[in-house]
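Taking it in order: structure first as structure tokens, then the write-up.
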Amino acid sequence: ANNDEEIEGDFNSNNREGIWNYVPSTWYEWCFPSNVPRSVQLFRKENLAVPCCYLVVGLLQGLSGPLINVYPLDLGATEAQQATISSLRSLPASFKLAFGFLSDNLPIGGYRRKSYMFIGWLVTSLSM
């Protein structure tokens, strides 16, 4: 059901909460555009998990990249071993499409993305 009246009401400046009361109206409109459905607005509390996940993954990969290249040299790894490490690091990205189809077709706990992201972060945390 498309409730345009409810969606329009969410963008009224009187409905702002917390820090958004102190943000200029132009910034608020940029973060929460009135012509975009609420479920697609990235800065909403309920939608922050996906962009935050990509931000953290990008930071971790960017910061760990130089260490992953130098650390095996300190351990005396051969070039073949370094190539293997590089291949293994890029392997999960190869399965991104397959995991996307899996999460779309087999939701866990009623969630299609959040539960899989939680499991992924749990496995990552346990492996460190």
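Observations on the model:
- Qualifying position, being assigned to a loop (DSSP other than H, G, I, E, B) and open to solvent by 90 Å² or more (accessible area, probe 1.4 Å), among L42, L55, L67: L42
- Filtered residues of segment 25-35 (kept if of a type in the set (A, V, I, L, M, F, W, C) and surrounded by 12 or more Cβ atoms within 10 Å (Cβ to Cβ)): C31, F32
- Hey, V50 touching a residue at least 60 places away in the same chain (Cβ under 8 Å), of a type in the set (A, V, I, L, M, F, W, C), closer than 21 Å to L122 by Cβ and in a helix (DSSP H, G or I) or not: yes
- Of the helices (runs of 4 or more DSSP H) contained entirely in segment 74-128, those carrying at least 3 residues that are of a type in the set (F, W, Y) fall at 114-127.
- Residue-level analysis places A93 among those that are under 19 Å from V56 (Cα atoms) and either of a type in the set (G, A, S) or open to solvent by 90 Å² or more (accessible area, probe 1.4 Å) (or both).
The values are calculated or read from the model by the stated rules, or taken from the named source; none is laboratory data. In this text, all values refer to a predicted model and were calculated from it rather than measured experimentally. Note: ideal-geometry Cβ built from the backbone for every residue, glycine included; neighbour counts use all protein chains shown. Just so you know, the surface numbers come from the protein's heavy atoms only, side chains and all, with ligands and any DNA or RNA stripped out. Shrake-Rupley method; radii C 1.70, N 1.55, O 1.52, S 1.80 Å.
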